[in-house]
1. Looking at the range 9-33, I want the residues that are surrounded by fewer than 16 Cβ atoms within 10 Å (Cβ to Cβ) and have a partner that is assigned to a helix (DSSP H, G or I) with Cβ atoms under 7 Å, at least 6 apart or on another chain. Which pairs are those?
2. Give the residue, chosen from 292, 306, that is buried (at least 24 other Cβ atoms within 10 Å of the Cβ) and more than 15 Å from the ligand (Cβ to nearest atom).
3. Just to be sure I understand, how many residues within the range 323-352 are assigned to a helix (DSSP H, G or I), touching a helix residue (DSSP H, G or I) at 6+ places or on another chain (Cβ under 9 Å) and touching a residue at least 60 places away in the same chain (Cβ under 8 Å)?
4. Return yes or no: is residue 79 away from the ligand (no atom under 16 Å from the Cβ), without any contact (Cβ under 8 Å) to a residue 60 or more places away in the chain and buried (at least 22 other Cβ atoms within 10 Å of the Cβ)?
5. Quick check, is residue 84 buried (at least 18 other Cβ atoms within 10 Å of the Cβ) and within 16 Å of the ligand (Cβ to nearest atom)?
6. Is it fair to say residue 223 is crowded, with 19+ Cβ neighbours inside 10 Å and not assigned by TED's automatic domain parsing to the domain that holds residue 399?
7. Quick one: is residue 248 more than 18 Å from residue 286 (Cα to Cα), more than 31 Å from the chain's Cα centre (by Cα) and more than 16 Å from the ligand (Cβ to nearest atom)?
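The values are calculated or read from the model by the stated rules, or taken from the named source; none is laboratory data. Treat the numbers as computed from the prediction; the structure is a model and nothing was measured. Virtual Cβ from ideal backbone geometry, glycine too; neighbours counted across all protein chains shown.
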Ligand SMILES: *Cc1c(COP(=O)(O)O)cnc(C)c1O
């Protein structure tokens with residue numbers, strides 16, 4: 001070490017003197033003392049390294065700034081709000097469905113204090129948590145009874161374990177789905193203790209295939225909605241009515257895993273292809289399950305509706321305790337379901353339904369507004385409005401694209417990957433995609449309240 005470096009090291013401020021500094025007082029107001037001391041120690045350590053590496057000695061101000069940066073980084077929440085400019089309404093990586101305002105209010109109210117989660121207020125007796133949503137679910141779907149678990153994977157597992165442990169469930173080979181992440185129906189079936197009995201072929205399964213497979217070990221027939229793919233061309237699948245008719249002859253239950261599951265007929269809103277829960281119940285399915293955070297637009301949850309005696313058996317299953325939902329989920333789900341008592345109210349107020357059903361014209365108007373704001377703010381940058389398509393996402397509407405409008409941007413001074421990274425890593429993070437040398441901001445999923453922060457973030461990328 002050179003004498004100059006030794007001199008610089010001796011001159012570094014002490015913790016005690018830094019703690020007296022006026023700007024550190026501000027940090028002490030914002031963070032516990034122990035954390036401030038720790039951050040200052042790390043900043044001084046960093047200064048020591050710089051002195052020995054390249055002879056530059058930071059002053060007290062620079063050390064304090066370093067400590068502040070360390071504290072800010074440590075205290076920033078890891079999971080936070082992002083601006084979704086992908087146009088994918090149910091983006092699993094971005095938390096699937098945003099909650100409606102009513103659902104957010106309900107969560108805040110129940111979570112910030114105590115709530116009657118398992119208390120019947122009238123009688124003072126112990127209540128059941130799912131009762132807060134069960135009758136609403138029965139009303140909306142036309143089912144005899146309903147219950148709720150943490151997600152649809154858990155719903156499937158609970159149904160299979162209760163109905164078919166140690167016995168066979170017949171499923172078409174065309175419906176052995178894998179959903180992103182680690183959900184594969186055959187694996188789930190094995191984990192539940194049920195045996196999978198595959199019938200038919202990938203593209204064609206007839207009702208006679210099911211009929212031939214039924215024997216004394218059969219516990220149920222199951223239909224699984226092919227949520228994230230479509231089999232097209234020379235295809236055939238048994239309808240739910242046929243399955244139910246066959247099952248009745250053998251006194252077997254029919255399980256219908258809808259995956260997404262629309263709660264009313266969405267065809268009027270241009271979103272008719274997803275199977276409808278009520279239709280399945282009306283046809284006579286014994287147990288129907290679907291996600292709370294796919295088309296329904298609520299919190300992550302798995303919803304099971306169907307025959308009362310089956311729902312009761314599922315609720316008596318000891319495994320049920322491992323999948324039970326928390327108060328925040330039930331509060332959000334209850335508030336979301338309230339909107340479904342009237343379809344027009346649901347379309348307007350359930351955030352994901354509103355985004356999915358937004359007409360191309362209204363999306364275009366939104367894109368033009370954002371475009372105007374950007375051109376005013378950054379006149380030297382190249383922005384355009386362009387027609388594009390986006391997916392609904394989240395295992396819904398496979399192969400279906402929504403006509404949408406984007407504001408596209410070709411950054412003057414930054415490469416596309418670099419700009420996308422800068423957009424992702426600032427506050428709030430912006431998630432967008434690039435296509436043909438331009439960045440696309442799909443306004444379908446951008447709330448108008450986010451225009452200002454988005455403008456700021458794009459401006460940051462240009463400077
Ligand atoms: C999405 C989906 C699941 C899993 O649901 P999660 O709520 O994500 O656990 C299961 N089955 C089908 C058919 C699905 O589409």
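1. Note: pairs meeting the criteria are 9/48; 9/51; 15/37; 15/40; 15/41; 23/64; 28/36.
2. Going through 292, 306 in turn, just one is buried (at least 24 other Cβ atoms within 10 Å of the Cβ) and more than 15 Å from the ligand (Cβ to nearest atom): 306.
3. Adding up the residues that qualify gives 19.
4. No.
5. no
6. Taking the combined requirement at face value, the residue satisfies it.
7. Spelling it out, it is not the case that residue 248 is more than 18 Å from residue 286 (Cα to Cα), more than 31 Å from the chain's Cα centre (by Cα) and more than 16 Å from the ligand (Cβ to nearest atom).
So that you can scan it fast, the table gives a plain yes or no per residue for (1) loosely packed, with under 12 Cβ neighbours inside 10 Å; (2) within 25 Å of the chain's Cα centre (by Cα); (3) not assigned by TED's automatic domain parsing to the domain that holds residue 179:
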residue	(1), (2), (3)
63	no, no, yes
68	no, no, yes
71	no, no, yes
111	no, yes, no
114	yes, no, no
121	yes, no, no
128	no, no, no
